[in-house]
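Novice: A single structure is presented below for examination.
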Amino acid sequence: MLLVAALLSTSCVSNKYQAASALGAQLQPMNLNLEGGPVKSRLDAVIIYQGPGSWKKSAYWDEFLVSFTNDSAVPVTLTSASLVDYFGSVMPAGTDPWKLEKASQLQRDRYIDAGISFALNTLGYAALTYGTAGAGMIVGAAVTNTWGGLAAGATIGLVAVPVTALAVYANNQKHRHGIEREFSRRRLALPLTLTPGETRNGSLFFPMTAGPRSLRLEWVEGSVRKPSDLPMPMLAGMHLKTLPIPIEHRAEPPSQ
């Protein structure tokens, strides 16, 4: 019982379920107004794989922290949100962290197959890049995460002690549920209705998206559908090792 208790508070947990270090870099705010749409929209920050603000050690998704303010005189409802990538493909916001991770891995393979120089931890905004020893990584020995008090990344002297499969499973489940709770706490659940004068903020989670061109939102005001594409040129280099040639400047393929 003592062994199981020790294991449940140590690093005997799959890397998939580990939280990021509390010693990682703090979130870097952007606070960029996004033009378009029936409400005021602001991109507060973007958290990428092991970048500043990470709360999961290896999060295979992109977290967009956004704020919406309804300055109109009537309620407005956000029914869907998507990212449009460099190729014009549409990536809907996700509602499940584990499905998002699988979608990101498929996305990565798709980009690589297309010859795109995909990078896990390049944000693009202000040329910020986070290397393998950079921000968001586990630093030092025993540390706790920033959201639930679960130990992560710690190594204690249990190398010579046999680890039971039951204890490892229980520890993984404990951390898994912690990640799911934090994901749900941060996520803006859709549909989201804003009353007149109301401001709401939170996170939209997407599969890893190379060079996102715009944030596509679907609003409903009364019975009127109001779709909007909010351009994000500041993220043109996101998840790219090198900036691509803008689509409008590409040379036309030679005629046959």
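The values are calculated or read from the model by the stated rules, or taken from the named source; none is laboratory data. Everything numeric here is computed off the predicted structure, so don't read it as measured data. Glycine also receives a Cβ, built like all others from the backbone with ideal geometry; neighbour counts cover every protein chain displayed.
Novice: Suppose the filter is under 28 Å from Ile116 (Cα atoms), under 14 Å from the mean Cα position of the chain (by Cα) and of a type in the set (A, V, I, L, M); does Leu43 pass it?
Specialist: Working: under 28 Å from Ile116 (Cα atoms): yes; under 14 Å from the mean Cα position of the chain (by Cα): yes; of a type in the set (A, V, I, L, M): yes.
The answer is yes for Leu43.
Novice: Taking Ala93 as meeting all but one of (1) modelled with pLDDT of 90 or more; (2) farther than 30 Å from Val39 by Cβ; (3) not β-branched (Val, Ile, Thr), write down the number of the exception.
Specialist: It is condition (2) that Ala93 fails.
Novice: Hey, can you tell me all the residues within the range 44-54 that are surrounded by fewer than 22 Cβ atoms within 10 Å (Cβ to Cβ) and either part of a strand (DSSP E or B) or in contact with an Asp or Glu (Cβ under 9 Å, 6 or more places away or on another chain) (or both)?
Specialist: Initial filter on the range 44-54 (surrounded by fewer than 22 Cβ atoms within 10 Å (Cβ to Cβ)): 44-45, 52-53.
Result: Asp44, Ala45, Gly53.
Novice: Restricting attention to the range 60-70, does a residue exist that is farther than 30 Å from Gly222 by Cα and part of a strand (DSSP E or B)?
Specialist: Filtering the range 60-70 for residues farther than 30 Å from Gly222 by Cα gives 60-62.
Filter once more, so that each one left must be part of a strand (DSSP E or B): 62.
Yes, because at least one residue in the range 60-70 is farther than 30 Å from Gly222 by Cα and part of a strand (DSSP E or B).
Novice: Condition first: modelled with pLDDT under 85 and under 13 Å from Leu215 (Cα atoms). Can you find one or more residues in the range 37-46 that meet it?
Specialist: Restricting attention to the range 37-46, the residues satisfying the condition of being modelled with pLDDT under 85 are 37.
Retained after the next criterion (residues that are under 13 Å from Leu215 (Cα atoms)): 37.
Yes: the range 37-46 contains one or more residues that are modelled with pLDDT under 85 and under 13 Å from Leu215 (Cα atoms).
Novice: Considering only residues of the range 78-98 that are among the β-branched types (Val, Ile, Thr) and surrounded by 14 or more Cβ atoms within 10 Å (Cβ to Cβ), which is nearest to the chain's Cα centre (by Cα)? Step through it out loud before you land on a result.
Specialist: Taking the range 78-98 as the starting set, the residues that turn out to be among the β-branched types (Val, Ile, Thr) are 79, 84, 90, 95.
Right, trim to surrounded by 14 or more Cβ atoms within 10 Å (Cβ to Cβ) and you get 79, 84.
Numbers: Thr79: 20, Val84: 15 Å.
Result: Val84.
Novice: Also: Looking only at residues in the range 71-90 that are assigned to a loop (DSSP other than H, G, I, E, B) and under 16 Å from Ile48 (Cβ atoms), which one is modelled with the highest pLDDT?
Specialist: Ranking the qualifying residues of the range 71-90, first place goes to Asp85.
Novice: Can you confirm whether the range 96-114 contains a residue that is in a loop (DSSP other than H, G, I, E, B) and either touching a Pro at 6+ places or on another chain (Cβ under 8 Å) or closer than 21 Å to Leu34 by Cβ (or both)? Write out each step before concluding.
Specialist: Applying the first criterion (in a loop (DSSP other than H, G, I, E, B)) to the range 96-114 yields 96, 114.
Now restrict to residues that are either touching a Pro at 6+ places or on another chain (Cβ under 8 Å) or closer than 21 Å to Leu34 by Cβ (or both): none.
Looking for residues that are in a loop (DSSP other than H, G, I, E, B) and either touching a Pro at 6+ places or on another chain (Cβ under 8 Å) or closer than 21 Å to Leu34 by Cβ (or both), one finds none in the range 96-114, hence no.
Novice: On to the next question. Considering only residues that are in a loop (DSSP other than H, G, I, E, B), farther than 11 Å from Val66 by Cβ and either among the β-branched types (Val, Ile, Thr) or within 14 Å of the chain's Cα centre (by Cα) (or both), which ones fall in the range 179-204? Please lay out each step first, then the result.
Specialist: Quick first cut of the range 179-204, residues in a loop (DSSP other than H, G, I, E, B) only: 188-191, 195-198.
Add one more test, that the residue is farther than 11 Å from Val66 by Cβ, and what stays is 189-191, 195-198.
Within the range 179-204, just Thr195 meets the criteria.
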